[in-house]
Each structure stands twice: as C-alpha cells, then as structure tokens.
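Q: Okay, here's the structure, questions in a sec.
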Amino acid sequence: MSLDVEAVRRDFPILATQSRGRPLVYLDSAASAQKPRAVIDAMSDFYAEHYANIHRGVYQLSAEATRRYEDVRVRVARFVGAPDPNEIVFVRNTTEAINLVARSFGDVQIGEGDEIVLTTMEHHSNIVPWQQLAERRGATIRVARIDDEGVLDLEHLASLLGPRAKILAITHVSNVLGTINPIREITALARERGVATVVDGAQAVPHQTVDVAGLGCDFYAFSGHKIFGPSGAGVLWGRMELLEAMPPFLGGGSMIETVSFEKTTWAKPPQRFEAGTPDIASVIGLGATIDYLAGIGMDAIDAWEHELLAYATDRLLEIPGLTIHGRAKDKAAVLSFALDVAHPHDVGTILDAEGVAIRAGHHCAQPLMEHLGVPATARASLAFYNTREDVDRLVAALVKTRELFG
Ligand code: PLP
C-alpha cells in the first residue's frame, strides 16, 4: 500500500495554515506531531455527546464512556502487539511511564551497589528517573557508548551487562540522531544476563510498526501526542507477571480493591496504576489516532518517510558548511545538523521567518550534546505528512541563512 501524501495532508487542518505569512512547513513532529481531523472530531464528539466519568457510574452515559475508554485499551494492545490489553497502562506521556517503572519496579528491584545501564543517546526522560532511583537506592548508573556515526557500541553495552546490572533503559529511536537501536538483539543480550529492559519508544511508534512482544523487552513506553494523537494520553506496556508484582505508583481512587483506615489492597493491573480520573477524552482521541494510522498503514508511513529522509539528507549535504549529526544506516526521519556560520538558535529564527518550523536546542539530551561537543543542534524532524517541497523550502531557507551570516 503506497501513501498519497496530498490526501494525507488534507486530513491535517493545521498544514493548510500560514506561518509568518507563508504556508506552514512543519518540521518539528519529533517534539509533538500534528493531529488529523479524525482525532480532533473524535474528541469534540466525545465531549459534546458522550462525556461522563468512567468506571463509576451505573447510568448509561458513564457505562458507555467506560466501554469506549476500555475499547481503546484493546485497540492499543493490538496496535503494539501486546498479548493482553490489561498490560496496557494509560499514563500522560513517556516521561510518566518511565517514572512509573522506576518507582514501582525499580524501587523493589534495585538495591545498594546494583547498576542501571543507559546509553549516551538517551532523552532526559530516560535518564533523570533512573538517576533519582540510583540515589534513593545507592545504585550506580553505567552508560553505553556510541560511535561517530551515532550507532550504539553493542560490545560496550554487552560488557556493561555484568552481574550487578539489574535494569537496562534504552531508547528505541534517538530523538536527536534518528538512530534505530536493534532492540530485539539488545533484549536478548539482557535476558541472557537476567537484566530487565525498559524501552523508550517515544520516537519509534510514530514511524514504524512496533511489536512489543516480538521485541522481547519487559516494558515499553510511548506518548500519544507524538503519534498524531492528543497530548495527555500516553502508554506504558509491561509484562503482566511484572505488573502484577509491582506496587502502585500513585495512590487514590480507582486503583484500590478495598480501603479501610487499617489497610488498603490494590486493584489488579492496569487499574492499579491508573489512580484518579484519567484524561478520558485524550484516551478516546488516542483510539482515533490508532484507527487513523492503521488505515494509512505503518508500513506505508515507514516507506514514505525513508524516501523523504534520503532526499532530505542528500539535499542538506549540498549546503556548504552543513554537518549532519547521526549517520546511522538504520535511521528514522530525524535530521540534526549544524551550519558552520550560525548558531542553531539563529538558524531556527531565520527559518521561522520563512515559515519553516524546526527545533533548535539540546533536545532534552544534554549528555549527548556533550558527547557531540556542541551546546545545541538544529533539528528537522519529518513525518508522513511532509513532502519533498517541505524539504526544498527548508533547504532554500538554510541557503538564505548562509547568505545572511556567511
Ligand atoms: N523520549 C524520547 C526519545 C523523546 O523524544 C521524548 C520527547 O521528546 C520523550 C522521551 C519524552 O516524551 P514526553 O515529553 O511526551 O513525555
């Protein structure tokens, strides 16, 4: 199935708007992706016609809202290859999912002198919760290296999975370099050594088919807003036997079985990890996103983005003085770059004046910036609604930036 990008673009109302008086070129989908009409409509329809709190009411509206919410869990499970819908925990975003695992799983599993293994290319969301855990428990953080192309050094990683290593937390796709890590191979290494694996899928799920069971990991986290869904709904997948053994993350309503002043008992997963009223409408929107993506086809999305990535890489490299950070062979459609004559923030500002939205900064990956020896990069991230014309506008704006600063 091939992708009709012009038809796709018509599904995203924002792509028909202007920025700085020019048609918008949106190249910041890695930060947050735009939303198709189907998602916007599903949420407004839910608020207009079907809204009530879930899991509580005996009346029709509440029962129906609960049915719709729980149905999204089933569709999400299918979308990411989770064997059991009850392994899908709704959270706000990837950050919350990783914090949940660090608290509920990490606090029990990690003790004095244990090691938590990360990689140089992690987002702060997959660094800070582990540092906090290490501090609470007296554990040590070890970091697997990457090479000059931005590819993970698997031998070094394997050498870190020694007897003290208990958890490996690793990104599936780097938000700066675009590198796609060979998660299946990595989880096999970890499993042989009894190390639990937590995969940050924030930048993978928007671009490719993900099969959590096939990947062989223990936990997998992603954000709805990066997969063209609403902000406020994210997903943690975890193996049921692990979830069942984990204490709750937050306490309150909906996550209990019984409460008395003497003792409270916990509900089974996933309810145990969903305290309080969730972002119900965003979960409904997430369901609409998944249906939309399934309709387009993740394989068609993957193929179009790879074509576009190859085109964008070639065109960017035509610009004198431009360096691309991250040249892995297995790479998602993220292009971080430096222009010799201008700071990334200046590049971002000039591009903005041309109606081209990119990101400039450390991308919540300061240790990676340090490794690259730069304070920041400019980053253009592509999605399946981007076109060759978008890339041409980016290149033209960069040529103009060079003329201004050069
Ligand atoms: N992990 C990666 C690789 C990311 O790119 C991001 C966001 O940019 C996150 C985690 C955090 O996602 P969120 O802000 O939705 O929690």
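The values are calculated or read from the model by the stated rules, or taken from the named source; none is laboratory data. Please read these numbers as outputs of a predicted model, since none were measured by experiment. Using ideal geometry, Cβ is built from the backbone for each residue, glycine included, and neighbour counts are taken over all protein chains shown.
Q: Considering only residues of the stretch 126-152 that are under 17 Å from Glu96 (Cβ atoms) and crowded, with 16+ Cβ neighbours inside 10 Å, which is nearest to the ligand (Cβ to nearest atom)?
A: Among residues in the stretch 126-152 that are under 17 Å from Glu96 (Cβ atoms) and crowded, with 16+ Cβ neighbours inside 10 Å, the one nearest to the ligand (Cβ to nearest atom) is Asn126.
Q: Can you confirm whether the stretch 25-42 contains a residue that is surrounded by 17 or more Cβ atoms within 10 Å (Cβ to Cβ), aliphatic (A, V, I, L, M), in a strand (DSSP E or B) and in contact with a Gly (Cβ under 9 Å, 6 or more places away or on another chain)?
A: yes
Q: Another question about this same structure. Restricting to the stretch 114-125, and then to whatever is within 10 Å of the ligand (Cβ to nearest atom) and either not assigned by TED's automatic domain parsing to the domain that holds Asn93 or not charged (D, E, K, R) (or both), can you tell me which residue is surrounded by the fewest Cβ atoms within 10 Å (Cβ to Cβ)? Let's see the steps before the verdict.
A: Taking the stretch 114-125 and keeping what is within 10 Å of the ligand (Cβ to nearest atom), we get 121-125.
Now restrict to residues that are either not assigned by TED's automatic domain parsing to the domain that holds Asn93 or not charged (D, E, K, R) (or both): 121, 123-125.
Values: Met121: 28, His123: 21, His124: 15, Ser125: 23.
Per the stated criteria, the residue is His124.
Q: Follow-up. Would you mind stating whether Ile256 is surrounded by fewer than 22 Cβ atoms within 10 Å (Cβ to Cβ) and without any contact (Cβ under 8 Å) to a residue 24 or more places away in the chain?
A: When the stated conditions are applied, Ile256 passes them.
Q: Of Ile180, Ile141, Ile127, which residue is touching a residue at least 40 places away in the same chain (Cβ under 8 Å) and in contact with a helix residue (DSSP H, G or I) (Cβ under 8 Å, 6 or more places away or on another chain)?
A: Going through Ile180, Ile141, Ile127 in turn, just one is touching a residue at least 40 places away in the same chain (Cβ under 8 Å) and in contact with a helix residue (DSSP H, G or I) (Cβ under 8 Å, 6 or more places away or on another chain): Ile127.
Q: Continuing with the same structure: Looking at the stretch 85-108, can you tell me whether even one residue there is more than 16 Å from the ligand (Cβ to nearest atom), closer than 24 Å to Pro206 by Cβ and surrounded by fewer than 21 Cβ atoms within 10 Å (Cβ to Cβ)?
A: At the first step, the residues of the stretch 85-108 found to be more than 16 Å from the ligand (Cβ to nearest atom) are 85-88, 104-108.
Remaining after also requiring closer than 24 Å to Pro206 by Cβ: 85, 87-88.
Subset that is surrounded by fewer than 21 Cβ atoms within 10 Å (Cβ to Cβ): 85.
Scanning the stretch 85-108 turns up at least one residue that is more than 16 Å from the ligand (Cβ to nearest atom), closer than 24 Å to Pro206 by Cβ and surrounded by fewer than 21 Cβ atoms within 10 Å (Cβ to Cβ).
Q: Looking at Val72, is it in contact (Cβ under 8 Å) with a residue 12 or more places away in the chain, among the β-branched types (Val, Ile, Thr), surrounded by fewer than 23 Cβ atoms within 10 Å (Cβ to Cβ) and assigned by TED's automatic domain parsing to the domain that holds Leu215?
A: No: the conditions fail for Val72.
Q: Okay, next question. Which of (1) within 16 Å of the ligand (Cβ to nearest atom); (2) of a type outside the set (D, E, K, R); (3) crowded, with 21+ Cβ neighbours inside 10 Å does Ala82 not meet, given it meets every other one?
A: In the conditions (1) within 16 Å of the ligand (Cβ to nearest atom); (2) of a type outside the set (D, E, K, R); (3) crowded, with 21+ Cβ neighbours inside 10 Å, Ala82 misses (1) alone.
Q: For the list (1) closer than 13 Å to Ala281 by Cα; (2) crowded, with 17+ Cβ neighbours inside 10 Å, I need the number of the one condition that Asp45 fails.
A: (2)
Q: Another question about this same structure. Kindly establish whether Ala77 is among the hydrophobic types (A, V, I, L, M, F, W, C) and buried (at least 17 other Cβ atoms within 10 Å of the Cβ). Let's see the steps before the verdict.
A: Values: among the hydrophobic types (A, V, I, L, M, F, W, C): yes; buried (at least 17 other Cβ atoms within 10 Å of the Cβ): yes.
For Ala77, the condition - among the hydrophobic types (A, V, I, L, M, F, W, C) and buried (at least 17 other Cβ atoms within 10 Å of the Cβ) - is met.
Q: From (1) closer than 21 Å to His325 by Cα; (2) without any contact (Cβ under 8 Å) to a residue 40 or more places away in the chain; (3) within 15 Å of the ligand (Cβ to nearest atom), pick out the condition that doesn't hold for His207.
A: (2)
Q: Before we move on, is Ala38 of a type in the set (Gly, Ala, Ser) and under 25 Å from the mean Cα position of the chain (by Cα)?
A: yes
Q: For residues in the stretch 176-204 being of a type in the set (A, V, I, L, M) and away from the ligand (no atom under 16 Å from the Cβ), which is surrounded by the fewest Cβ atoms within 10 Å (Cβ to Cβ)?
A: Ala188
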